[in-house]
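Read through the structure below, which is laid out as structure tokens, and then see the notes.
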Amino acid sequence: MDNTQVVDEFLDNIRYLKVVHHVPGRIRVKASLAGIMKFAGVDQHAMKEVIARIPGIRDYRLNKKALSVVIEYDTEKLAFELWEKIGRLSENPQNREEVKNELLDILSD
């Protein structure tokens, strides 16, 4: 999977998640109803591969009962503001290309 595919896969899936708590270095997202249906059929190994390819993600924990994911990240590589943009993509899909390019820049460093 090349960098563009990794970023597209990440952005395609993150849109089903809503930010419920965010402090620099840690973000918690919760699946929407559409996300629950989408993720039921997702290959967990493929998802782990995508997450592992995003520089700056230190760890993530899935809570199936709460339908949430906590992502710990390096603020030097993935800025708080970038996560805020990612979290608003469902309301502002016109910003996808800008966010995609920012992520691709990070991947190419």
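Every read-out reported here was derived from the displayed coordinates using simple, explicitly stated rules and does not represent laboratory data. All of these numbers come straight from a predicted model, not from anything done at the bench. Note that each Cβ is placed from the backbone with ideal geometry, even for glycine, and that neighbours are counted across all protein chains shown.
On the basis of the beta-carbon distance and an R0 of 25 Å, Lys18 and Thr75 show a calculated FRET efficiency of 0.75. Here the extension length gained between Arg96 and Arg26 equals 23.0 nm, from 0.36 nm per residue of separation less the Cα-Cα distance. Of the GluC sites (Glu not before Pro) found in the range 45-78, those in coil by DSSP whose Cβ has at most 13 other Cβ atoms within 10 Å are Glu76. Computed about the Cα centre, the dipole magnitude for the range 1-67 is approximately 540 debye when only Lys and Arg (+1) and Asp and Glu (-1) carry charge, each at its Cβ. Applying the criteria of a DSSP loop state and at most 13 other Cβ atoms within 10 Å to the trypsin sites (Lys or Arg not before Pro) of the range 13-66 yields Lys64, Lys65. Per residue, the convex hull around the alpha carbon atoms of the range 34-109 comes to 110 Å³.
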